[in-house]
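Q: Would you mind keeping the following structure in view while I ask a few things?
We did not get these values from a lab; they are worked out from the coordinates using the rules stated. Fair warning: this is a prediction, and the values are worked out from it, not measured in the lab. Cβ sites come from the backbone with ideal geometry, for glycine too, and all protein chains shown count toward neighbours.
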Amino acid sequence: MNYVRMTFDQIVSLATDCLLANGANEGNATAVARSIAKAERDGSSSHGFFRLPGYIASLKSGKVSGNAKPTVSTLTSSVVRIDGDNGYAPLALEIGIPELIAIASKTGVGIGALVNVYHFAALWPEVETIADSGMVGFACTAFKPSVAPAGASRPLFGTNPMAFAWPRKNNRPMVFDMATAAMARGEIQIAARDGHTLPQGVGLDASGNPTTDPKAILDGVMLPFGGYKGANLAIMIELLVAAIIGENFSFEAEEKDNNDGGPPRGGEFLLAIDPRHLGADDSSTHAEAFFERYLSLSGTRMPGDRRYANRDIASDGINVSQTTIEKINNLM
Ligand code: NDP
C-alpha cells in the first residue's frame with residue numbers, strides 16, 4: 001500500500017475542506033476534522049478518515065445539520081445539559097466540556113448530558129480533556145443495535161463504549177476507552193475490508209452460529225466482551241445515555257435513523273470529578289503508588305500508552321494511505 005506523510009494540520013485541513021464542500025460550516029467542519037486528525041495521529045484508525053464518508057453521507061441526506069449551534073444550559077450546580085442542535089458531537093463537546101469542568105471544580109462533581117447529537121467518534125478525546133484539567137473523567141455512549149444481550153442471538157445493544165481518565169502528576173493521564181462489544185464495529189469493518197479473520201467470541205452469523213468471518217458477523221450479530229458481565233455494562237450504558245438524559249436507546253436510534261451510513265442520533269453521558277473535593281490527603285501521590293505497583297508486574301502497560309506512543313512519533317508525520325486520500329478527494 002502507498003502512504004502519504006501528512007502533518008496533523010494537513011489532516012485537519014483535508015477533512016475540513018471535504019466537510020465544507022458538503023455543506024458544513026467552518027465551526028462544525030473543523031471540530032469534526034480535529035476529531036478525525038486526533039484519531040489518525042494516535043493510531044485509532046477506525047475513528048479517523050475511515051468515518052468521513054459516513055459524516056458526509058449524513059450531511060448529504062440532511063439528517064445532520066452542518067450548521068449546528070450547540071448550547072449549554074446549567075440545570076443545577078452540578079449538571080449541564082449540552083444540546084448539539086442536531087449536529088455532530090465534536091463541536092458540542094468542545095463547547096460543553098469547559099462548562100462541565102468549571103462546575104466540577106466548584107462542586108466536586110459535574111454531570112454532562114449531551115443530547116440532540118450524532119456521535120461517530122472515539123470517546124478518549126473528551127475524557128482526556130477532562131483529565132488534562134486535573135479531573136477524573138468518564139464518558140459513555142450508545143449506537144444502533146449490533147450486540148446481543150447475554151443468551152440472545154439478536155442484537156439490542158449498540159457497541160456502547162465507555163471511557164475513563166485519571167489525571168497524573170507530571171505525566172499524561174491514564175485513559176482507557178473501550179467498546180462493551182468484544183470488538184469495536186469499526187475494527188470488524190476494517191477486518192472485512194482487508195480480508196482478515198477474527199478470534200472466536202466476537203460474534204455470531206445470521207443463523208446464530210459462532211463464526212470468525214467478519215462479513216458473516218456484520219450480517220449476523222456481535223457479542224459483548226466477557227459474556228453476561230460485558231452485557232450488563234451495556235445495559236448500564238443504555239440507561240445512562242438514554243433514559244436518564246432523555247435520548248434514544250440503541251433500538252430507538254435505529255427505528256428513527258434513515259440508514260444513510262452516518263451515525264444515528266443518540267446521547268452521551270459525561271462525568272467529571274474533582275479529586276480535590278473528596279477529602280483524600282493526596283489522591284494523586286496515592287494513585288502513583290498504585291501505578292508503580294501495577295507497572296512492576298511483568299507484562300503490564302498503562303491503558304492509553306499505545307496511543308501516546310503513536311502520538312509521539314506523529315510529530316514526524318502521520319502515514320495516510322493514498323487510497324484513503326483519493327476516496328476523500330472524490331467526496332469533494
Ligand atoms: P481496544 O480493545 O483496542 O482498547 C480498549 C482500551 O484498552 C484502550 O484504552 C487500550 O489502550 C486499552 N488496552 C489495550 N490493550 C491493553 C493492555 N494490554 N493493557 C492495558 N490496556 C490496554 O478498543 P475497542 O476496540 O474496544 O474500542 C475502540 C474505539 O471505538 C474506542 O475509542 C471507542 O470509543 C470507539 N467506539 C465508538 C463508538 C461510538 O458510537 N462513538 C461505538 C463503539 C466504539 P490503547 O488505546 O493505549 O491501546
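Q: Within the stretch 282-307, track down each residue that is free of Cβ contacts under 8 Å to residues at least 12 places away in the same chain and small (G, A, S). Break it down into steps so the answer makes sense when it comes.
A: Residues of the stretch 282-307 free of Cβ contacts under 8 Å to residues at least 12 places away in the same chain: 282-283, 286, 289-290, 292-301, 305.
Residues satisfying the conditions are S283, A289, S296, S298, G299.
Q: Which one is nearest to E94 (Cα to Cα) among residues in the stretch 126-148 that are near the ligand (Cβ under 10 Å from one of its atoms) and in a strand (DSSP E or B)? Please lay out each step first, then the result.
A: As a first pass, look at the stretch 126-148 and keep what is near the ligand (Cβ under 10 Å from one of its atoms): 126-127, 139-144, 146-147.
Subsequent filtering for residues that are in a strand (DSSP E or B) retains 139-141, 147.
Numbers: A139: 14, C140: 16, T141: 17, V147: 30 Å.
Restricting to residues being near the ligand (Cβ under 10 Å from one of its atoms) and in a strand (DSSP E or B), the top hit is A139.
Q: If a residue must be over 22 Å from S61 (Cβ atoms) and in contact (Cβ under 8 Å) with a residue 24 or more places away in the chain, how many such residues does the stretch 10-36 contain?
A: Number satisfying all stated conditions: 4.
Q: Let me ask you something else. Tell me, which residue of the stretch 166-179 that is more than 8 Å from the ligand (Cβ to nearest atom) and without any contact (Cβ under 8 Å) to a residue 60 or more places away in the chain is surrounded by the most Cβ atoms within 10 Å (Cβ to Cβ)? Step through it out loud before you land on a result.
A: Let us first name the residues in the stretch 166-179 that are more than 8 Å from the ligand (Cβ to nearest atom), namely 166-174.
Going one step further and asking which of them are without any contact (Cβ under 8 Å) to a residue 60 or more places away in the chain, we end up with 170-171.
Working: N170: 6, N171: 12.
For the stretch 166-179, the residue satisfying everything is N171.
Q: For residues in the stretch 149-203 being in a helix (DSSP H, G or I) and among the acidic types (D, E), which is nearest to S133 (Cα to Cα)? Step through it out loud before you land on a result.
A: We begin by selecting, within the stretch 149-203, every residue in a helix (DSSP H, G or I); these are 185-194.
Imposing the further condition that a residue be among the acidic types (D, E) reduces the set to 187, 194.
Numbers: E187: 31, D194: 39 Å.
Applying the filter and picking the extreme gives E187.
Q: Picking from G279, G317, which residue would you name as being at positive phi, free of Cβ contacts under 8 Å to residues at least 60 places away in the same chain and not hydroxyl-bearing (S, T, Y)?
A: Numbers: G317 fails: free of Cβ contacts under 8 Å to residues at least 60 places away in the same chain.
It is G279.
Q: The conditions are (1) touching a helix residue (DSSP H, G or I) at 6+ places or on another chain (Cβ under 7 Å); (2) farther than 21 Å from V241 by Cα, and G87 fails exactly one of them. Which is it?
A: G87 satisfies every listed condition except (2).
Q: Would you mind finding the one in S284, S250 that is closer than 19 Å to F120 by Cβ and of a type in the set (S, T, Y)?
A: Numbers: S284 fails: closer than 19 Å to F120 by Cβ.
Exactly one of S284, S250 is closer than 19 Å to F120 by Cβ and of a type in the set (S, T, Y), namely S250.
Q: Taking into account only those residues within the stretch 140-153 that are touching a Gly at 6+ places or on another chain (Cβ under 8 Å) and not aromatic (F, W, Y), which is nearest to R168 (Cα to Cα)?
A: First, pick out the residues of the stretch 140-153 that are touching a Gly at 6+ places or on another chain (Cβ under 8 Å): 141-147, 150, 153.
Filter once more, so that each one left must be not aromatic (F, W, Y): 141-142, 144-147, 150, 153.
Details: T141: 25, A142: 28, K144: 35, P145: 36, S146: 35, V147: 34, A150: 36, S153: 42 Å.
So the residue we want is T141.
Q: Of all residues in the stretch 37-80, which are closer than 24 Å to Q10 by Cα, polar (S, T, N, Q) and touching a residue at least 60 places away in the same chain (Cβ under 8 Å)?
A: Within the stretch 37-80, S44, S45, S46, S58 qualify.
Q: Being under 14 Å from the mean Cα position of the chain (by Cα) and part of a helix (DSSP H, G or I), is that true of even one residue in the stretch 115-125?
A: First, pick out the residues of the stretch 115-125 that are under 14 Å from the mean Cα position of the chain (by Cα): 117-125.
Then drop every residue that is not part of a helix (DSSP H, G or I), which leaves 124-125.
The answer is yes; a qualifying residue exists.
Q: Please pick out the residue among A122, A68, A57 that is within 24 Å of R185 (Cβ to Cβ) and buried (at least 21 other Cβ atoms within 10 Å of the Cβ).
A: On the way: A68 fails: within 24 Å of R185 (Cβ to Cβ); A57 fails: buried (at least 21 other Cβ atoms within 10 Å of the Cβ).
Unique residue meeting the criteria: A122.
For (1) within 16 Å of the ligand (Cβ to nearest atom); (2) under 20 Å from the mean Cα position of the chain (by Cα); (3) in a loop (DSSP other than H, G, I, E, B); (4) more than 16 Å from E126 (Cβ to Cβ), each residue gets a yes or a no:
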{"site": "R5", "(1), (2), (3), (4)": "no, no, no, yes"}
{"site": "D9", "(1), (2), (3), (4)": "no, no, no, yes"}
{"site": "C18", "(1), (2), (3), (4)": "no, no, no, yes"}
{"site": "V32", "(1), (2), (3), (4)": "yes, yes, no, no"}
{"site": "K38", "(1), (2), (3), (4)": "yes, yes, no, no"}
{"site": "L52", "(1), (2), (3), (4)": "yes, yes, no, yes"}
{"site": "K69", "(1), (2), (3), (4)": "no, no, yes, yes"}
{"site": "I82", "(1), (2), (3), (4)": "yes, yes, no, no"}
{"site": "I97", "(1), (2), (3), (4)": "yes, yes, no, no"}
